[in-house]
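Here's the structure we're looking at; comments come further down.
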Amino acid sequence: MTTPAIPEGVKRCPTRQFALWLAVVGAVLLWGVYAMYLCWYKGLNQTNMNDAYGFALWIWADLAVIALGGGAFFSGFLAYIIGNKEVKHIINYAVIIGFICYSSALLILAIDIGQPLRGWFIFWHANVHSMLTEVAFCLSVYFAVLTIEFLPLIFENPKLDRIPFVHHMAHNLHEVMAVFAATGVFLSFFHQGSLGGVSGVLYGRPFSYRDGLFIWPWTFFLFTWSAAAVGPLFTISVTRLTEAITRKKLVKNSVYQMLAKISGWMLLTYIIAKIIDTWYWATEIAPSMGFAFMDFYSNNPLYGIWILVAEIILGGVVPALILITRKGRENGYLLFTAAILAMIGICLNRWVMVLQVMAVPLLPFQEWFMYSPSWQEVATTILPVAYGIILISLAHRYLLVFPQEKELNPGN
Amino acid sequence: MFPFIFEWVWDIDHLVFMGGLWYALTIIGLGLTYCVAKTIIDIKSQEGKGGHDTHH
């Protein structure tokens, strides 16, 4: 008798329906792969990057997915370091989402560097004074950690579990997972921070330059804190979306409530620090470099003061206030709205810290540098989304991602 | 990355920066080695007991 590939006790859609779903998403994936091929074959002339925009849509996408993927390291921290038992019901999914986010970031970087065959230079000939080198190191090593965290889940597939080596390896990996999770927290703290540090140390760019602590500008700490706050909200949102698509309850409400409460307080403390940072920058740092606050938000077709209000108030204060109140968290729609707002807020933050930095004129005779991405840039940015959907679909079908699924769906 | 690469300098910057990388890689390497070694021992001991699985 053959062992079924689908875990025992859970129900999945028919194979034909699943194949059709994969084919639809796969078409989008192929579009992205074609654009990726063009970028590698013909070069970066396929993009709309230029002398003003060395960083563009790809780097924003990188920063955004890394921030949203922060749910993996923060959930790992809560589950394995703090010992929170509730988080263990969602940690598998957080790891898978983190794995998708970090592999996507690495893929985007492989396209962005133009010559991926020389990607190893950043490791071999490391510039130890560069925040980006530190990001490259931590990103790659943390991706290895996420792969290790993902392995036991794959190994527990009924077919694979029959192989003695795989069965024992899964058990032994579980035993020492706290060590890997702690390493992941260490690596994440530094690369999340260094991504913020990249813009914070640019003393020739008054829009992003900040003071700081020792070698680290305040943006270093703000980026780490914001990723830890919003990452779990992304995990919650993707889980809720998966529940809606599969029409099943996958995680108990108490898990959502607990994660949302922690995220809410993290978001509130982050946004207070961000407001103080913005106030100090607007009143002290920018004027000391010869700029008035409104120089950064006028005389251009896109970057008005609206973007700062949207990021801080709509994407920070509002969701934080919803999430710290019991009534806000317990209302499913409000919780989901707050999570979406917070994710938009963090994506806007990463956008302005990458692209608005490049847009602001530095000299009196310069105009604003505006940019819109080419279709190849857009397609290669959508490519990871399609890849993520496919990986999540496969993982949900063949792995027991949610330990509470059987209990919550007794009749399937 | 390594002291034998031409641009390597024995200064505090290289020691801290590269030390952090090798520290993380060492922990991951040791963790994985432990898991593989323990797995091989588990399989051998299971075979010695006649192949009956005691896990889970």
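Give A:184, A:193, A:204, A:231 a once-over and let me know the one that is under 30 Å from residue A:290 (Cβ atoms) and touching a Phe, Trp or Tyr at 6+ places or on another chain (Cβ under 6 Å). Give the steps one after another, and end with the answer.
Working: A:184 fails: under 30 Å from residue A:290 (Cβ atoms); A:204 fails: touching a Phe, Trp or Tyr at 6+ places or on another chain (Cβ under 6 Å); A:231 fails: under 30 Å from residue A:290 (Cβ atoms).
Step by step, each of A:184, A:193, A:204, A:231 is checked, and only A:193 is under 30 Å from residue A:290 (Cβ atoms) and touching a Phe, Trp or Tyr at 6+ places or on another chain (Cβ under 6 Å).
Within region B:9-56, can you find the residues that are among the polar types (S, T, N, Q), at pLDDT 95 or above and farther than 23 Å from residue A:140 by Cβ?
Restricting attention to region B:9-56, the residues satisfying the condition of being among the polar types (S, T, N, Q) are B:26, B:33, B:39, B:45-46, B:54.
Now restrict to residues that are at pLDDT 95 or above: B:26, B:33, B:39.
Hit for region B:9-56 is B:39, nothing else.
Of the residues that sit in region A:282-298 and are touching a residue at least 24 places away in the same chain (Cβ under 8 Å) and part of a loop (DSSP other than H, G, I, E, B), which one is surrounded by the most Cβ atoms within 10 Å (Cβ to Cβ)?
Out of the qualifying residues, it is A:291.
Please give the number of the condition residue B:4 fails out of (1) of a type outside the set (A, V, I, L, M); (2) touching a helix residue (DSSP H, G or I) at 6+ places or on another chain (Cβ under 8 Å); (3) over 20 Å from residue A:136 (Cβ atoms).
(2)
For the condition under 29 Å from residue A:6 (Cβ atoms), crowded, with 24+ Cβ neighbours inside 10 Å, out of contact with any Cys (no Cβ under 7 Å at 6 or more places or on another chain) and outside the structural domain of residue A:320 (by TED's automatic domain parsing), what is the one hit in A:238, A:145, A:230? Steps first, answer last, please.
Working: A:238 fails: crowded, with 24+ Cβ neighbours inside 10 Å; A:230 fails: under 29 Å from residue A:6 (Cβ atoms).
The match here is A:145.
Filtering region A:14-32 down to residues that are in contact (Cβ under 8 Å) with a residue 12 or more places away in the chain and over 17 Å from residue A:384 (Cβ atoms), which residue is surrounded by the most Cβ atoms within 10 Å (Cβ to Cβ)? Spell out how you get there, then give the answer.
Step one: of region A:14-32, the residues in contact (Cβ under 8 Å) with a residue 12 or more places away in the chain are A:18, A:21-22, A:25-26, A:28-29, A:31-32.
Still in the running and over 17 Å from residue A:384 (Cβ atoms): A:18, A:21.
Values: A:18: 14, A:21: 16.
Step by step, filter region A:14-32, then rank; the result is A:21.
Looking at residue A:35 and the list (1) in the same structural domain as residue A:183 (by TED's automatic domain parsing); (2) buried (at least 16 other Cβ atoms within 10 Å of the Cβ), which single condition is not satisfied?
Against the list (1) in the same structural domain as residue A:183 (by TED's automatic domain parsing); (2) buried (at least 16 other Cβ atoms within 10 Å of the Cβ), residue A:35 comes up short only on (1).
Counting only residues that are modelled with pLDDT under 95 and polar (S, T, N, Q), which one in region A:93-139 is surrounded by the fewest Cβ atoms within 10 Å (Cβ to Cβ)?
So, considering only residues that are modelled with pLDDT under 95 and polar (S, T, N, Q), the one surrounded by the fewest Cβ atoms within 10 Å (Cβ to Cβ) is A:115.
Out of region A:370-412, which residues are part of a loop (DSSP other than H, G, I, E, B) and in contact with a Ser or Thr (Cβ under 6 Å, 6 or more places away or on another chain)?
The first filter runs over region A:370-412 and keeps only residues part of a loop (DSSP other than H, G, I, E, B), leaving A:370-374, A:399-404, A:409-412.
The one that is part of a loop (DSSP other than H, G, I, E, B) and in contact with a Ser or Thr (Cβ under 6 Å, 6 or more places away or on another chain): A:374.
For region A:339-368, what are the residues that are farther than 12 Å from residue A:311 by Cα and assigned to a helix (DSSP H, G or I)? Talk me through it step by step, then tell me what you get.
Initial filter on region A:339-368 (farther than 12 Å from residue A:311 by Cα): A:339-340, A:354-368.
Matches in region A:339-368: A:339, A:340, A:354, A:355, A:356, A:357, A:358, A:359.
If you scan region A:313-349, which residues turn out to be of a type in the set (Lys, Arg) and over 14 Å from residue A:240 (Cβ atoms)? Full working, then the answer.
From region A:313-349, those of a type in the set (Lys, Arg) are A:326-327, A:329; that's our starting set.
Residues satisfying the conditions are A:326, A:327.
Just checking: which of the helices (runs of 4 or more DSSP H) contained wholly in region A:48-140 hold 1 or more residues that are over 29 Å from residue A:372 (Cα atoms) and more than 14 Å from chain B (Cβ to nearest Cβ)?
On the way: elements: A:57-68, A:70-76, A:91-112, A:121-124.
Fully inside region A:48-140 and qualifying: A:70-76, A:91-112.
List pairs: first in region A:34-48 and under 23 Å from residue A:386 (Cα atoms), second β-branched (Val, Ile, Thr) and in a helix (DSSP H, G or I), Cβ under 6 Å, 6+ apart or cross-chain?
A:35/A:380; A:36/A:111; A:36/A:380; A:39/A:111
Is it the case that some residue within region A:51-71 is in contact (Cβ under 8 Å) with a residue 40 or more places away in the chain, of a type in the set (Ser, Thr, Tyr) and buried (at least 24 other Cβ atoms within 10 Å of the Cβ)?
Going residue by residue through region A:51-71, those that are in contact (Cβ under 8 Å) with a residue 40 or more places away in the chain are A:52-71.
Narrowing further to those that are of a type in the set (Ser, Thr, Tyr): A:53.
From the residues that got through so far, the ones that are buried (at least 24 other Cβ atoms within 10 Å of the Cβ) too are none.
The answer is no; no qualifying residue exists.
The values are calculated or read from the model by the stated rules, or taken from the named source; none is laboratory data. Remember, predicted model here, so these are calculated numbers, not experimental data. For neighbour counting, all protein chains shown are included, and Cβ atoms are generated from backbone atoms with ideal geometry for every residue, glycine included.
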